[in-house]
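In what follows, a single structure is set out as structure tokens and then discussed.
Each value in this text was obtained by applying a stated rule to the coordinates, not by laboratory testing. Not measured: the values here are computed from a predicted model. Neighbour counts are summed over all protein chains in view; Cβ atoms, including those assigned to glycine, are modelled from backbone coordinates with ideal geometry.
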Ligand code: FDA
């Protein structure tokens, strides 16, 4: 039952007509629990509040699967607007983005131009940019683009998903670049040809790649709400004398707030992924897929709005 709900929401996440419709009608169905607002001012207010509580941030202007140059350029302009706002307001925030929002599916020229525009602005403001990882179909290309950009910029990183079979090899290959990587379980619907179908195997692979990347001496963001993974990491770093400034924990805005604050109190770096914008639909559907209990919020949202 749980698996079919998950598949249903991941299927809905890719629906283009619903994505378009959702943009017109504002944050609905309880999406504001996971999305900081529709414009940069609301996002800035949310970040300031988190910073005051000792949490650092990575901001994300929501958008994905853009199929025309005009929109991709507009998305890049919005990323730059976010970068300037972080600089101007002196916020403790990095930036995250999706390559399909900046033109990856259009052409190499569009995506590279937009990424260079964003990374140049980010460099000026001393801001680190993480390239989110999307579906498997785009994983190889995302890593190639990341490698090319990493040769030109030192303020760029990407994400590696523990549910993919290819991941262990990617961690090995990427070590030549000594990258700052965000490690996650993986949020898309993938076939068992390419991804572990059983959660326990994903969790084991997650621990394996966290250990590998840390032991290679690289900066590692452990992005998970899973307390077992977090506790395992705490033990691992202690046993292997890995300093606190070689890693950080990351979680999504609105998820396990109490655990986020507890980690700050314990002295760990804790970064919150703060998404904002009108293109909230696909992101929201993936959050529902991760935890069917969240559907209760949707039901409540539908009744009250
Ligand atoms: P798991 O799903 O096992 O959840 C552990 C516990 O956390 C649950 O029991 C529940 O208590 C809580 N929880 C988890 N998800 C929840 C939710 N939606 N609502 C409420 N509670 C929830 N993925 C990807 O493919 N590409 C990417 O670029 C990113 N980027 C990214 C950045 C950051 C900062 C985070 C935290 C996560 C991502 N992800 C991602 C998503 C990631 O792949 C994964 O889908 C989610 O983090 C859920 O997996 P957990 O590791 O939290 O464990």
Next on the checklist: For the chain, what does the helix formula give at 222 nm: sum of -39500 (n - 2.57) over DSSP H segments with n ≥ 4, over the residue count, nearest 500 deg cm²/dmol?
Outcome noted: -16000 deg cm²/dmol
Next on the checklist: Taking the number of other C-beta atoms within 10 Å as the exposure measure, put 4, 32, 96 in order starting with the fewest.
Outcome noted: 4, 32, 96
Next on the checklist: Can you give me the C-alpha center-to-center distance between the range 62-86 and the range 137-198, rounded to a whole angstrom?
Outcome noted: 22 Å
Checklist entry - When the label point is put 7 Å from the Cα of residue 16 along its Cα-to-beta-carbon vector, which residues of the range 55-69 have a backbone N closer than 12 Å? => result 65-68
Checklist outcome for this item: Comparing 38, 152, 290 in a Gaussian network model of the chain (Cα, 10 Å), the one with the largest mean-square fluctuation is 152
Checklist entry - residue 141 versus residue 246, label points 7 Å from Cα toward the beta carbon: distance in nm? => result 3.6 nm
Item to check | Residues 139, 79, sorted so that the one with the fewest Cβ neighbours within 10 Å comes first | outcome: 139, 79
Checklist entry - Can you sort 281, 153 by how many other beta carbons sit within 10 Å, fewest first? => result 153, 281
Item to check | Relative contact order computed over the range 162-251 (Cα-Cα under 8 Å; 6+ residues apart), in percent | outcome: 33 percent
Next on the checklist: Averaging the inverse of every distinct alpha carbon separation and then flipping it gives the Kirkwood radius. What is it for the range 54-187, in angstrom units?
Outcome noted: 15.0 Å
Next on the checklist: Run the numbers for residue 261 and residue 92: contour at 0.36 nm per residue of separation, minus the present Cα-Cα distance, in nm.
Outcome noted: 59.2 nm
Next on the checklist: Rg/Rh for the chain to two decimals, with Rh computed the Kirkwood way over all alpha-carbon pairs.
Outcome noted: 0.93
Checklist outcome for this item: In nanometres, the difference between 0.36 nm per residue of separation and the alpha-carbon distance of residue 23 and residue 200 is 60.1 nm
Checklist entry - For a paramagnetic label modelled at 7 Å from the Cα of residue 126 toward its Cβ, which residues of the range 65-94 fall within the zone defined by backbone nitrogen distances under 20 Å? => result 80-94
